[in-house]
Amino acid sequence: MRDIKIQVNDLSLYYGEKKALNNITMQIPANKVTALIGPSGCGKSTFLRCINRMNDLIPSVKITGEMLVEGVDIYDKNVDVVNIRKKIGMVFQKSNPFPKSIYENVAYGPRINGLKDKTQLDEIVETSLRQAAIWDEFKDRLDDSALGLSGGQQQRLCIARTLAVSPDIILMDEPASALDPISTSKIEELVHELKEQYTIIIVTHNMQQAARTSDHTAFFYMGELIEMGKTNAIFTKPEKKQTEDYITGRFG
Amino acid sequence: MTHFEMELEKLKDVIKKIGTLAVSQVGESVKALLYEPIEGKEVKKTEIKIDKLDVKIDEICQSIFALQQPVASDLRFIMASLQISNEIERIGDLAVSVIKRAKNIKEKHDLISKFGIGDLAKEVELITAKTNECLSTQDEKTISEILNLNKNIKSKGDTIIDKIIEEMKSHSKVVVSGTNLVIALKHLERISDHSSNIAEYVYFMVNAKIIKHEKHEDLNIDKLD
Amino acid sequence: MENTNTISVNPFAKASGKGKDIKEKAVVGITQIAVLLIIAILFVILGIIIYQGRDKFSWEFISSFPTDGMTKGGIFPALIGTFILVIVMSIAAVPFGTITAIYLTEYAHEKSKFAAAVRFSIRTLAVVPSIIFGLFGLGFFIQFVGTGMDTAFNGGELHWGQPNILWASLTMALLTLPVIIVSVEEALKTIPRELREASLALGATKWQTIKKVVFPGSISGIMTGTILAVSRGAGEVAPILFTGAAYYLATLPESLSDQFMNLGYHVYIMSTQSSDVEKTMPIQFATTLVLLILTLSLNLVAVIIRSRIRRKAK
């Protein structure tokens, strides 16, 4: 693995007494797409949310171990969670645009960071919408409400919104599971384009999607990391029988 | 172009490459048969290249099957590519065998001009060139020509072989050369056969109809549907 | 379609058994009668009020002062007094209630004892009889805070330590606080968790999220709460009995330390302490009518806004 963006060492997560993630150790490579797959409840989404510390929002959660992003443990006491989330963006399963205009949705992040200059904001909005491949569709209706868009458009708007804060890493939690096949393939194509600039980690319950879009795949089961490797290898000659059973549809 | 389409283009490129290399190997084998024994090193290099490309095609196809779940024409393209690559590799192999045999043929000029082998060899060159062309154009007329050409080559070849065997019966000094020549001719016939197979796979790619092992008696492509 | 074998017993026929049928009809009937009864009572009350007050009810009535020992004239000062009361009350209660609601919904931990205590207090406050608020206002605002202010700023001279519109408004604010808090909480809860998560995931702090995402979405809830509070405050009498309402004032209140007249209080005194109860009957009914129109229309507006919020939440 050329460049390691995230190094996870012995990460465990507890919901109160219940251990949901069991000593996860893995490396996420930079500027690649890493897919997390596994049956429902295996912990892949929980693990994803550890990366931008969204699990902090749940009061009963306790996390042990290390998560090093470019060498810095994001769970260290001296680290400001807000800054982490500016560097590690997230796209959610169900698109969640703000009840504001398209422009205001994308400008939200930069505004939060104190940017007020209209020209700069305009530029960022345009760049982000272009990166998300929806500038042409939206450029003439930036003031329209985001809530009037279709599911696929809303999700790409949410991606643009995430891009507007210039993160290094983009987390995607089943971003296309609520979308029709055409919108899904548009999002998958977008992921391919984005990986030039960003490190992408995508959780999906759709194995074929993981196969189509990712460079590396990690297979989770019952809170444990069973196997991780290049996607090509995982889908042609997985090392562990459990992985093979899951991929061939024998269980899960 | 989507990521998937780029993978398919990559595959097409590699097939073009291996096809071109095979055509050049056949060209060298014809030269070796009709004229001078040639330098072995270049041929060896090309043979290694062909083998490597064949493996690469296998890998690309496996990857596409596993990761992209191709269907319809894409599926047929991948399936056909695997088979075609195999056939091309065999053509390359056979060409090298012809070159080896050619070394053991003395009094070449006499035998060759006596039995009109020059024409046959040129037809074999033609069929491989047409096959290579057909990989890119996927043109049905070309496919039809290839299938016909193969038939002609096979019958001509068989005729020439019979004549050589007659010659060997009466002139025992030419037995060694004659045997090698017969084997080389058989190789050429096989090259032609493989080309015809490739044409059948291209037909499958385009029309989703498997026509291999059929006799193509009356080669009117329209009737095949 | 051809008629094939007809079945001898129709499986879809109505179930026989007259007893069951009658029971079903009886239940429907009783509910219908109950509803009609309630509507009828409402109409009767309204009818009496409208009938008895129709003579007096006029623009002049609303815009002029009472005269002749309050047996003639209008209720203008009472109307103004009520307005000022609800405005000051809102200024006090709405921000305080909104902040409390934001704390309870956004900041309080589930298991926090403090938050539980706050919630308990609000619930208790909601059921305290309104006269108790009046007594509290008298004892705390007037006799403690007011007198304290006089001692500190006026050298003991009596100014704030007596009933006035400020203390009455603050007392009313306490009464209506639970209503506001509940309405705002309701509106805040309609904002889905996903929007908060989206904001936080973009690197916003909790406060930024509240300011830019949660709060704008709760404006309609704040409006509903305010309107409900105002409608309550316009009608309640007990809290202002001894904290600032006056029997008769020749002028309108000019500062917060003045007393004021009030619609509800006016009806009370008209019916119990006027010089001629018979004569003032029309005035009482007309005043009641004005008060009713005021509170009913405010409630209607609040209901409309609230139903719009609920539809949006779906």
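Output the residues belonging to the stretch A:146-167 that are surrounded by fewer than 17 Cβ atoms within 10 Å (Cβ to Cβ) and touching a residue at least 12 places away in the same chain (Cβ under 8 Å). Answer for the stretch A:146-167, where residues must be surrounded by fewer than 17 Cβ atoms within 10 Å (Cβ to Cβ) and touching a residue at least 12 places away in the same chain (Cβ under 8 Å): A:LEU147, A:SER150, A:GLY151. Going residue by residue through the stretch B:15-34, is there one that turns out to be within 25 Å of A:ALA233 (Cβ to Cβ) and open to solvent by 80 Å² or more (accessible area, probe 1.4 Å)? Looking for residues that are within 25 Å of A:ALA233 (Cβ to Cβ) and open to solvent by 80 Å² or more (accessible area, probe 1.4 Å), one finds none in the stretch B:15-34, hence no. With respect to (1) out of contact with any helix residue (DSSP H, G or I) (no Cβ under 7 Å at 6 or more places or on another chain); (2) farther than 24 Å from C:ALA302 by Cβ; (3) surrounded by fewer than 17 Cβ atoms within 10 Å (Cβ to Cβ), the lone exception for C:LEU252 is condition (1).
Each residue in the stretch A:42-74 was checked for being among the aromatic types (Phe, Trp, Tyr) and over 17 Å from A:TYR15 (Cα atoms), and 0 pass. Return yes or no: is C:GLY221 under 19 Å from the mean Cα position of the chain (by Cα) and modelled with pLDDT under 85? Spelling it out, C:GLY221 is indeed under 19 Å from the mean Cα position of the chain (by Cα) and modelled with pLDDT under 85. Closer than 25 Å to B:ILE99 by Cβ and either open to solvent by 60 Å² or more (accessible area, probe 1.4 Å) or modelled with pLDDT of 90 or more (or both): which single residue out of B:ASP222, B:ASP218, B:ASP193 fits that description? It is B:ASP193. The number of residues in the stretch C:177-195 being of a type in the set (S, T, N, Q) and either surrounded by fewer than 20 Cβ atoms within 10 Å (Cβ to Cβ) or within 13 Å of chain A (Cβ to nearest Cβ) (or both) comes to 1. Tell me yes or no: at least one residue of the stretch C:196-214 is open to solvent by less than 40 Å² (accessible area, probe 1.4 Å), over 30 Å from C:TYR103 (Cβ atoms) and either in contact with a helix residue (DSSP H, G or I) (Cβ under 9 Å, 6 or more places away or on another chain) or away from every other protein chain (no Cβ under 14 Å) (or both). No, the stretch C:196-214 contains no residue that is open to solvent by less than 40 Å² (accessible area, probe 1.4 Å), over 30 Å from C:TYR103 (Cβ atoms) and either in contact with a helix residue (DSSP H, G or I) (Cβ under 9 Å, 6 or more places away or on another chain) or away from every other protein chain (no Cβ under 14 Å) (or both).
Taken together, the residues in the stretch B:13-34 that are of a type outside the set (Asp, Glu) and without any contact (Cβ under 8 Å) to a residue 40 or more places away in the chain amount to 3.
Within the stretch A:54-68, being within 14 Å of chain C (Cβ to nearest Cβ) and within 20 Å of the chain's Cα centre (by Cα) holds for A:MET54, A:ASN55, A:ASP56, A:LEU57, A:ILE58. Picking from residues in the stretch A:194-236 that are of a type in the set (D, E, K, R) and within 14 Å of chain B (Cβ to nearest Cβ), the one that is surrounded by the fewest Cβ atoms within 10 Å (Cβ to Cβ) is A:GLU196. Of the listed requirements (1) more than 14 Å from every other protein chain (Cβ to nearest Cβ); (2) under 17 Å from A:VAL33 (Cα atoms); (3) open to solvent by less than 60 Å² (accessible area, probe 1.4 Å); (4) at pLDDT 90 or above, A:LEU142 misses just one: (2).
Exactly one residue out of A:LEU179, A:LEU149 is within 20 Å of the chain's Cα centre (by Cα) and more than 14 Å from chain B (Cβ to nearest Cβ): that is A:LEU179. Residues that are crowded, with 17+ Cβ neighbours inside 10 Å, touching a Lys or Arg at 6+ places or on another chain (Cβ under 7 Å) and over 26 Å from C:LEU174 (Cβ atoms): does the stretch C:286-302 have at least one? Yes, the stretch C:286-302 contains at least one residue that is crowded, with 17+ Cβ neighbours inside 10 Å, touching a Lys or Arg at 6+ places or on another chain (Cβ under 7 Å) and over 26 Å from C:LEU174 (Cβ atoms). Evaluated against (1) touching a Leu at 6+ places or on another chain (Cβ under 8 Å); (2) open to solvent by 10 Å² or more (accessible area, probe 1.4 Å), A:MET54 falls short on exactly one condition, (2). Among the residues of the stretch B:85-107, are any hydrophobic (A, V, I, L, M, F, W, C), more than 12 Å from the chain's Cα centre (by Cα) and closer than 15 Å to B:ALA199 by Cβ? No, that holds for no residue. Could you check, for the stretch C:273-293, whether at least one of its residues is free of Cβ contacts under 8 Å to residues at least 60 places away in the same chain and assigned to a loop (DSSP other than H, G, I, E, B)? Checked the stretch C:273-293: at least one residue is free of Cβ contacts under 8 Å to residues at least 60 places away in the same chain and assigned to a loop (DSSP other than H, G, I, E, B). In the stretch A:87-94, the count of residues that are in contact with a helix residue (DSSP H, G or I) (Cβ under 8 Å, 6 or more places away or on another chain), small (Gly, Ala, Ser), in contact (Cβ under 8 Å) with a residue 60 or more places away in the chain and more than 14 Å from chain C (Cβ to nearest Cβ) is zero.
Given the criteria of a type in the set (A, V, I, L, M, F, W, C), within 27 Å of C:LEU291 (Cα to Cα) and surrounded by fewer than 17 Cβ atoms within 10 Å (Cβ to Cβ), does C:ILE99 qualify? For C:ILE99, the condition - of a type in the set (A, V, I, L, M, F, W, C), within 27 Å of C:LEU291 (Cα to Cα) and surrounded by fewer than 17 Cβ atoms within 10 Å (Cβ to Cβ) - is not met.
The residues on offer are B:SER29, B:SER63, and the sole one that is over 20 Å from B:THR128 (Cα atoms) and either acidic (Asp, Glu) or in a helix (DSSP H, G or I) (or both) is B:SER63. Within the stretch C:57-72, restricting attention to residues that are touching a residue at least 12 places away in the same chain (Cβ under 8 Å) and open to solvent by less than 60 Å² (accessible area, probe 1.4 Å), the residue that is farthest from C:THR280 (Cα to Cα) is C:SER63.
Restricting attention to the stretch A:152-167 and to residues that are within 11 Å of chain C (Cβ to nearest Cβ) and polar (S, T, N, Q), the residue that is nearest to A:GLY89 (Cα to Cα) turns out to be A:THR162. The residue that is nearest to the other protein chains (Cβ to nearest Cβ), counting only those in the stretch A:182-193 that are of a type in the set (Asp, Glu) and over 13 Å from the mean Cα position of the chain (by Cα), is A:GLU189. Against the test of being among the basic types (Lys, Arg), free of Cβ contacts under 8 Å to residues at least 60 places away in the same chain and within 14 Å of chain C (Cβ to nearest Cβ), the options A:ARG130, A:ARG111 yield a single qualifying residue, A:ARG111. If you scan the stretch C:98-155, which residues turn out to be in a loop (DSSP other than H, G, I, E, B) and of a type in the set (Lys, Arg)? Scanning the stretch C:98-155 gives a single hit, C:LYS111. Kindly indicate whether A:LYS241 is away from chain B (no Cβ under 14 Å), of a type outside the set (Asp, Glu) and either in contact (Cβ under 8 Å) with a residue 12 or more places away in the chain or under 24 Å from A:ASP3 (Cβ atoms) (or both). Judged against the criteria, A:LYS241 is not a match.
The values are calculated or read from the model by the stated rules, or taken from the named source; none is laboratory data. Computed from a predicted structure; not experimentally measured. In this analysis, Cβ positions are derived from the backbone assuming ideal geometry, glycine residues included, and neighbour counts consider all displayed protein chains. SASA here: full protein model, heavy atoms, side chains in, ligands and nucleic acids out. Shrake-Rupley method; radii C 1.70, N 1.55, O 1.52, S 1.80 Å.
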